[in-house]
Amino acid sequence: QVQLVESGGGLVQPGGSLRLSCVASGVSIRTYDMSWYRQAPGKERELVARSWSYGSRRTYADSTKGRFTISRDNAKNTVYLQMNSLKPDDTAVYYCQARGGRSDESWGQGTQVTVSS
């Protein structure tokens with residue numbers, strides 16, 4: 001099993017930056033696809049970014065591409081999401097996901113990101 005703990009959320013002004021961290025335990029994330037999702041009130045959960053387990057492939061939502069960067073440090077069993085040029089529409093609960101297959105999917109508790117002046 002994979003246990004995930006997110007941190008780094010908080011209140012930031014528009015145009016500001018935050019760096020989210022997701023620390024995994026229970027298994028190495030080296031063979032797992034690691035992703036960040038977010039969910040805002042009244043909206044469906046959406047994929048923000050994904051770091052594929054093989055190679056250096058990365059996937060970003062159109063709304064975040066160019067502003068957000070996902071990275072991983074397999075030695076530290078940690079995935080990061082660097083968020084720059086934040087907008088009010090980025091306000092949401094951000095969740096870390098580890099996926100090893102259809103029957104092997106874990107989620108963190110989430111961390112709140114609020115972008116407001």
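Structure values in brief
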quantity	calculated
In segment 72-115, residue nearest to residue 11 (Cα to Cα) [restricted to those that are of a type in the set (Gly, Ala, Ser) and surrounded by 17 or more Cβ atoms within 10 Å (Cβ to Cβ)]	92
Subset of segment 1-31 that is of a type in the set (Ser, Thr, Tyr) and assigned to a strand (DSSP E or B) - its residue that is least open to solvent (accessible area, probe 1.4 Å)	21
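The values are calculated or read from the model by the stated rules, or taken from the named source; none is laboratory data. Predicted model only: the values in this text are computed from it and were never measured. Note that each Cβ is placed from the backbone with ideal geometry, even for glycine, and that neighbours are counted across all protein chains shown. Keep in mind that these areas ignore ligands, DNA and RNA; they rest on the heavy atoms of the full protein, side chains included. Shrake-Rupley method; radii C 1.70, N 1.55, O 1.52, S 1.80 Å.
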